[in-house]
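Reading through the structure tokens given below for one structure.
The values are calculated or read from the model by the stated rules, or taken from the named source; none is laboratory data. No experiment lies behind these values; they were computed from the predicted model shown. Glycine gets a Cβ as well: all are built from the backbone with ideal geometry, and neighbour counts include every protein chain shown. Protein only, heavy atoms only, side chains kept; ligands, DNA and RNA dropped before computing areas. Shrake-Rupley method; radii C 1.70, N 1.55, O 1.52, S 1.80 Å.
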Amino acid sequence: MTLLRVEHLNKEFGGVHAVSDLAFTINPGTIHSIIGPNGAGKTTLFNLITGVYTPSSGSILFNDVPTAGKAPYQLAEDGMSRTFQNLQIFFNMPAIENVMVGRHLHLDRRFLPSLLRLPGIAKGDAQAREKSTELMRFVGLEAYLKADADAMPYGALKRLEIARALAAEPKLLLLDEPAAGLNATESREIDEVIVKVAKSGVTVVLVEHDMKMVMGISDHILVLDYGKKLAEGTPDQVRNNPDVIKAYLGGGAA
Amino acid sequence: MSGLSRWAGLGALAIFLAALPQALPNNYYVDVAVLACFNAIICVGLNLLIGYAGQISLGHAGFFGLGAYASAVLVNSYGWPPLLALLAGAAIVGLMAFAIARPVLKLKGHYLAMATLGIGIIISIVINTEAGITGGPDGIAAGPFSIGSFKLAGERDWYWLMAGLLLATVWLATNLVDSPVGRALRALHGSEVGAEVVGVDTARYKVMVFVVSAVIASVAGSLFAHYTPQLTPTKADFFKSIELVTMVVFGGMASTFGAIVGAAFLTMLPQVLTVFEDYEPVILGGIMMGTMIFMPKGLVPTIAALFNRRRP
Amino acid sequence: MLSAFLQFLISGVTVGAIYALCGLGFSIIYNASHVINFAQGEFIMIGAMTAVSLVEAGVPMPLAILLAILVTMAVGVLLEKLAVEPARKASVTTLIIITIGASIFLRGLAQEVWDKNFHKMDPFSGDTPINLFGAVLMPQTLWVLGTALLVILLLAWFFNRTLEGKAMLATSFNPLAAQLMGINTKRVLMLSFGLSAALGAVGGIVITPITFTAYDNGIMLGLKGFSAAVLGGLGNGFGAVAGGLIVGIAEAMAAGYLSSAYKDAVAFVIILLVLVFLPNGLFGRKGTERV
Ligand SMILES: Nc1ncnc2c1ncn2[C@@H]1O[C@H](COP(=O)(O)OP(=O)(O)OP(=O)(O)O)[C@@H](O)[C@H]1O
Ligand SMILES: [Mg+2]
């Protein structure tokens, strides 16, 4: 059984072939990393999977259902959630409410009950706040429970996005460089969070340049180069693949 | 805003509105207060769109005008009861806003500003031109507002109606802002794609808030048609739209009480400025520039920030 | 039949040329700062009113025109220095309010400096009409078209051939990189306001013998210029010119064949339709927004 199947996927921007005839599958319950040099097309691939971009051609199946034509929010309803390499934080809101937005799909969001603030809405909000507090603690943001998002440092915002994505209770969680800009200790903490998330049954797709992290926690690695699949397999297989060493690791980097 | 401070704010507003008439020496001042209530109601609605959802509208007076003229024409020319005309106006404006919202709100930034400005101007040109229906530049009178045999008469009656409506609008608006719907609106202001990937149908919410703010403006317009002795197209034109946006921005975007303060201040300002006669536009323009340069976040948020800084 | 059409076309192209200049003004400032300057229309009014009153005071026309352009440029630069630069970091909506405030301010000032009356100026070279396939062509129309064309060519030369112009273009593409390359972006901003003011003034002056001018003339012209810039795609010079001509011609045709009351509405209907299908205007930057 596969959770995500990508077939003959292509994406062009003007003349740039950002993703080129790509095919791979992701099995549920695994940590699946995607690596590759800058500009390899990793973020573009995430944007295609989550419906932010439309493919030039090819198909993506989530739970064996084609995702073509679905908007990102519909894919979120189907069980996808993600973080961004370039932060997409709601800077106009307090940190905790950023996470509460992640509860959107699990709350009563009908117009009239909201307008009249019927008891159900108030109760749902209280629960969402509780759950979001829990998630902020889980990703190590207990210090920011009362903070405004625009007053938080970069590393904390990266985690805030993870908490927000988790709040949606996704089946598939896509993380785009969650450790970028973090120091070694912070990286290790994120590392632990990801492993814990995966243990809880969420399938994780990870784009990351931190090789130590990738090699340490991945079940499966896909290597991209110029939008094409260069190699894939277990960390050991990838580490020893001569193409990968040549094109990406450049000898001895891992 | 937490539950407690919401009730505190609403309570303070209720007390203020209840006490205000005692402080007003004569009907001239009551009239200004009623006009301020009209503007405040529209601005609370417009603030949902501009301040919270981050979508600009430079044509909102068009919806105000449509509601007003729907009432005036249906009551004056077709003999409808005012309340029914008000509801009909709201329905027409709601449907119209719904129809145009989806394509228009796909636009961003200045393109959205252009489109809403265009819509407002088109509405105001139609009102000006179709003199057979609307009375053209001379305007039209809708007569007093009555329900059955009860007739609203005099500034003070109007004051209580409008103050009550303002309070109700504020209550509904703050409810909405604090609900999952309101969080979705604020979220799409912060980052549309960030909101989408956790399941917020951003297009739908933008349409929703556009329609809500348009309907609020329309209802206010319908009532205004009965309040004013003669309804003229200037109430639906570009300058009225700009005035409304200025009120929202001046008071403070994404602050419901800011919208009220902005509306009250800018309703009173021209009354004060009449003593300067011809210099009125110079002073008004100067105040618009000055406050926005020195308080880009608006009056209420700026003061709130000062207050919070002093109180550690 | 044909002559009527030609007549409408002539008046459309004439007013369209002014919209184009005004639209270019919007685009130049937008490129330099991402600010939409709603006071652009006031530049048209100030240029025209200054020229008119100088001529009335006995200043020879060429000198009056030159002085009027300089005065308007000074107003533009002052506006930038005093109102826009201090608020560069503010939100789009706040900046819109600031420039609209400036527009109201300038209009109020004009009402004080001059008056509320209409003013006219003599055509530059007489008013003997030229017959063109049954349509009437006033010599001033040729002045308008010729001036607009000259100005557009000069601008093209400025942006593509001179260092200053290239610096302005570079700033519009990437302000940070431009700054790192040693371009003085503040100076670029100031220059853009001066240039836009000059464009407005020139447009206002050449059209005045045809349309008259008054203190409140700037608003509608400004909004039409904004329409032109948006229609063509904000920041795109060619687009602003095309947009101006389209708006002008559509308006003249609407006034001629439909009703003059709805001529202003027609322009906005066209823009709405275009934006629905091309959210970045006719020639605006397309492509996928980067996430
Ligand atoms: N919206 C876009 N418009 C045009 N080109 C784009 C867009 N998004 C990505 N590209 C191009 O596609 C290619 C792949 O970019 P992408 O961001 O997917 O790389 P990446 O693997 O995520 O790189 P990095 O490790 O630096 O994040 C690059 O050449 C990039 O310039
Ligand atoms: Mg990337």
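For a modelled paramagnetic label at B:W7, 7 Å from Cα along Cα-to-Cβ, no residue of the stretch B:160-185 is in reach, as no backbone nitrogen comes under 11 Å. Note on B:K108: aspartates and glutamates with a C-alpha under 14 Å away, same-chain residues under 8 apart excluded, are B:E192, C:E289. Look at the Cα gyration tensor of chain B: its axes a ≥ b ≥ c give a/c under 1.5, and that counts as rounded. For the pair B:A91 and A:A122, a Förster radius of 30 Å applied to the C-beta separation gives a FRET efficiency near 0.50, rounded to the nearest 0.05. Each residue of the stretch B:13-29 was assigned a 3J(HN,Hα) from its phi angle through the Karplus curve 6.51 cos²θ - 1.76 cosθ + 1.60 (θ = phi - 60°); the sequence is 5, 4, 4, 4, 5, 6, 7, 3, x, 4, 7, 9, x, 8, 5, 4, 5 Hz, with glycine and proline shown as x. Close amide H partners of A:A231, meaning residues 5 or more places away or on another chain with modelled amide H under 5 Å apart, are A:V223. Near the amide H of A:V205, within less than 5 Å, lie the amide hydrogens of A:H32, A:L173, A:L174, A:L175, all on another chain or at least 5 residues away, with H placed in the peptide plane.
Sequence-ordered 3J(HN,Hα) estimates for the stretch C:33-38 from the Karplus curve with 6.51, -1.76 and 1.60 and θ = phi - 60° stand at 9, 6, 9, 9, 8, 5 Hz, glycine and proline given as x. For the chain pair C and B, the interface hides roughly 3700 square angstrom of accessible area in total, found with a 1.4 Å probe.
Quick one: which residues, 5+ away or cross-chain, put their amide H under 5 Å from the amide H of A:V19? H built at 1.01 Å from N. Residues meeting the amide H criterion: A:K11. Taken one residue at a time, the phi angles of the stretch C:7-13 give Karplus couplings (6.51, -1.76, 1.60, θ = phi - 60°) of 4, 5, 4, 4, 5, x, 5 Hz. Gly and Pro are set to x. For trypsin sites (Lys or Arg not before Pro), the sites in the stretch C:187-291 that DSSP calls loop and that have at most 15 other Cβ atoms within 10 Å are C:R285, C:K286, C:R290.
Restricting attention to chain A, close to 55% of DSSP beta bridges with both partner residues there are antiparallel. Placing dummy labels 7 Å off each Cα toward the beta-carbon, the span from A:Q74 to C:A177 is 3.7 nm. In the protein assembly as shown, Rg over Rh equals 1.01, where Rg is the alpha-carbon radius of gyration and Rh the Kirkwood radius from pairwise Cα distances.
Working from label points 7 Å from Cα in the Cα-to-Cβ sense, the A:Q85 to C:S3 distance is 6.7 nm. Helical runs (DSSP H, four residues minimum) scored at -39500 (n - 2.57) apiece and divided by the length of chain A put the mean residue ellipticity at 222 nm at -10500 deg cm²/dmol. When DSSP beta bridges are restricted to pairs lying wholly in the protein assembly as shown, around 65% turn out antiparallel.
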